[in-house]
Protein chains: 2
Amino acid sequence: MSGNCQVSYEGRASSTLGWGERLLIIKTDGSVLVHRPEGYEPVNWQPAGCVFQVEVEDEELRIRAARLQPREVLNIFFNRVLHLSTLTLTDEGDFSLYVSEQDMKRAILLAPKLVGEDFRPLTSEKELGAAGFVDVVGEDSEGRLVVVEIKRNPAGREAVRQLQRYIKAVGMRTERPLRGIIAAPSLTREAQALLSREGLEFKPVSLKRCYEVLKFEKTRKLSEFFPE
Amino acid sequence: MSGNCQVSYEGRASSTLGWGERLLIIKTDGSVLVHRPEGYEPVNWQPAGCVFQVEVEDEELRIRAARLQPREVLNIFFNRVLHLSTLTLTDEGDFSLYVSEQDMKRAILLAPKLVGEDFRPLTSEKELGAAGFVDVVGEDSEGRLVVVEIKRNPAGREAVRQLQRYIKAVGMRTERPLRGIIAAPSLTREAQALLSREGLEFKPVSLKRCYEVLKFEKTRKLSEFFPE
DNA sequence: ACGTCGATCTCGAAC
DNA sequence: GTTCGAGGTCGACGT
């Protein structure tokens, strides 16, 4: 539905939007999107689960979309409707995204040599309480603990700081010598500087490589289900 | 535009989406949204600035939206079109969001007593280089430096850790006694524990209060322009 | 329910 | 140009 409208929001914050022509989308799950003629993001919205109220008053169409938890209300007033259509869409298509950060971790656990020839993973995820969650902890051939921070995108300073914190937190709990490795497709210049200053390491891990490892694992799994 | 389609994306990641009925939105700035019948977020999209290519092949309509920097491509194949409409929307309406974190800072600078009766702001923003940016630094009636970390939402542990870092960084540069205050609508349980353990403080600052301060300031400003 | 973290995050500002 | 932090972030997962 599109037309000339005015929007106000009250909830986690408050906002107002003056008169103008926009596209309004209301989905069957009770989510709402108000799109201006430009930009990827909706100017106003409401997540799924809204309760609606529609009424006409003073030659204006008012649509109210309210949500509890958190309590927030979106009000849309139309004084002219350019276009209206309702569709019932049936969509059973599968969506799949390849090589997320999660996938990288799985790939590294499946093929630890992605991180280093002598790397042996010990635990993965949620090991530390206070400082956060380490992606992977392992050890090398010299018995040193290896803390691995995985990034899907070129790792920046923030990744190094994260690794620092993890190293520090792990250091509190062990006497073993420590190594910190960032596993990512690449490293930004600044992160490189920080990294070497801190005595940490970088191991380039390409998405393609991960994809191949996972694909291989998938076919292996399948072949277990359908043995020759 | 809506219809039965199939989508594939290749770029920062890769994804495929099987056949199904969706809503496709193409905006004048070259942004693309593919919406499934449910959910707030588009299942596939492309930010503004795409180059398009449309062609019909084997009874299918193919829309290609490509973007450089980063290099990524979205391909949409329609085998049935349910609905198509093009609109030229003119939208000059002003959008304003009240009480952002920025607004909270402005409100606190305008009404320092929001942080404490004896709080006097000295500087705001970008004071520290290494550890980041402190929201506000001030002093109290006893001459202690007060570092204020502002959060718009209930402050969690991360806010406390941030404040810790700032305190530490400020401590390196001065001999004056220090106080650290988190100014936010509320504080999570865990953050509370961390906070008291670290000897830091919490000052509840409601969005509504900030809103009122800013509104007051606005009317004051206006009255200066239009004096009696 | 709350807290934490990733995201094809997007977006804007600062450097 | 890149980097960095905020977002009514959203959504997922774990507690």
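The values are calculated or read from the model by the stated rules, or taken from the named source; none is laboratory data. From a predicted model like this one, the values you see are computed outputs, not experimental measurements. Positions of Cβ are backbone-derived with ideal geometry, glycine not excepted, and every protein chain shown enters the neighbour counts. Note: accessible area is taken over every heavy atom of the protein model, side chains too, but ligands, DNA and RNA are not part of it. Shrake-Rupley method; radii C 1.70, N 1.55, O 1.52, S 1.80 Å.
Compute the Rg/Rh shape ratio of segment B:48-131: radius of gyration over Kirkwood radius, all on alpha-carbon atoms. Could you put the intermediate results ahead of the total?
On the way: Rg = 25.4 Å, Rh = 19.1 Å.
The Rg/Rh ratio comes out at 1.33.
Say R0 is 30 Å: what FRET efficiency, to the nearest 0.05, do A:Glu38 and A:Phe216 get from their beta-carbon distance? Intermediate results must be reported in sequence, preceding the final value.
Details: r = 44 Å, r/R0 = 1.46.
For A:Glu38 and A:Phe216, the calculated efficiency is 0.10.
How big is the dipole moment of the protein assembly as shown about its Cα centre under a simple scheme where the beta carbon of each Lys and Arg is +1, that of each Asp and Glu is -1, and everything else is neutral? Debye, nearest 20, please.
Details: 66 positive and 68 negative charges, 320 e Å.
Using only the charged Cβ atoms, the result is roughly 1540 debye.
Given just the C-alpha atoms of segment A:101-225, how large is their convex hull per residue in cubic angstrom? Each step should come with its number before you reach the end.
Numbers: hull volume 12.8 nm³, N = 125.
Convex hull of Cα atoms, per residue: 102 Å³.
What range in chain B is the longest one free of chymotrypsin sites (Phe, Trp or Tyr not before Pro) that are in a loop by DSSP and have at most 16 other Cβ atoms within 10 angstrom?
Details: sites that count: B:Tyr40, B:Phe133.
Segment B:134-228 is the longest.
Using just the alpha carbons, could you tell me how many Å³ per residue the convex hull of the protein assembly as shown encloses?
210 Å³
Give the whole-number value, in cubic angstrom per residue, of the convex hull volume spanned by the C-alpha atoms of segment B:2-83.
Numbers: hull volume 7.7 nm³, N = 82.
Looking at segment B:2-83, the number lands at 94 Å³ per residue.
Sorted from largest down, give the three principal axis spans of the alpha carbons of chain B, whole angstrom values.
Largest first, chain B extends 80, 53, 31 Å along its Cα principal axes.
Which loop-located trypsin sites (Lys or Arg not before Pro) does segment B:37-101 contain, where loop means any DSSP state but H, G, I, E or B and the Cβ has at most 14 other Cβ atoms within 10 Å?
Answer in residue order: B:Arg71.
Taking a label point 7 Å out from Cα toward Cβ, give me the nm distances from A:Gly49 to the same spot in the other copies, shortest first, one decimal.
Sorted ascending, the copy-to-copy spacings read 3.6 nm.
Grab the other residues whose beta carbon is less than 15 angstrom from that of B:Val56, score K and R as +1, D and E as -1, and report the net. Each step should come with its number before you reach the end.
Numbers: positive: B:Arg62, B:Arg64, B:Arg80; negative: B:Glu55, B:Glu57, B:Asp58, B:Glu59, B:Glu60.
Net charge around B:Val56: -2.
Quick one: pull the percent of accessible area on the protein assembly as shown belonging to carbon and sulfur, 1.4 Å probe, ligands and nucleic acids left out.
Working: 13190 of 25480 Å².
About 52 percent, which is the carbon plus sulfur part of the accessible surface.
For A:Ser196, what is the net charge nearby, where nearby means another residue's Cβ is under 12 Å from its Cβ and Lys, Arg count +1, Asp, Glu -1?
Details: positive: A:Arg189, A:Arg197; negative: A:Glu190, A:Glu198, A:Glu201.
Local net charge: -1.
Just to confirm, what accessible area per residue do you get for the protein assembly as shown at 1.4 Å probe, in whole Å²?
Working: 25480 Å² over 456 residues.
I get 56 Å² per residue for the protein assembly as shown.
Given a Förster distance of 41 Å, report the FRET efficiency between B:Asn153 and A:Asp58 from their Cβ-Cβ distance, rounded to the nearest 0.05. Write down the numbers at each step before the final one.
Details: r = 36 Å, r/R0 = 0.89.
Working from the Cβ atoms, E equals 0.65.
Net charge within 15 Å of B:Gln164 by Cβ-Cβ distance, Lys/Arg positive one each and Asp/Glu negative one each, not counting B:Gln164 itself? Don't jump to the answer; show the numbers that get you there.
Working: positive: A:Arg161, A:Arg165, A:Lys168, B:Lys151, B:Arg157, B:Arg161, B:Arg165, B:Lys168, B:Arg179, B:Arg197; negative: B:Asp135, B:Glu149, B:Glu158, B:Glu190, B:Glu198, B:Glu201.
Net charge in that neighbourhood comes out at +4.
Helix B:157-173 sits at what angle to the longest principal axis of chain B, using alpha carbons and giving 0 to 90 degrees rounded to 10?
50 degrees
Check which residues have an amide H placed less than 5 Å from B:Ile182's amide H, if you skip close sequence neighbours.
Residues meeting the criterion, in which the H sits 1.01 Å from N, are B:Glu149, B:Glu201, B:Phe202, B:Lys203.
Using a simple charge model, +1 on the beta-carbon of Lys and Arg, -1 on the beta-carbon of Asp and Glu, nothing else, what dipole does segment A:2-83 show about its Cα centre, in debye to the nearest 20? Show your work: numbers first, answer last.
Numbers: 9 positive and 11 negative charges, 56 e Å.
For segment A:2-83, the charge dipole is close to 260 debye.
Positive end of the charge dipole of the protein assembly as shown (Lys, Arg +1 and Asp, Glu -1 on Cβ, about the Cα centre): tell me which of A:Ala111, A:Ala66, A:Val51 has its Cα farthest that way.
A:Ala111
Estimate the FRET efficiency between A:Gln102 and B:Glu101 by the formula 1/(1 + (r/R0)^6), using the beta-carbon distance for r and 35 Å for R0, to the nearest 0.05.
Working: r = 30 Å, r/R0 = 0.86.
FRET efficiency, A:Gln102 to B:Glu101: 0.70.
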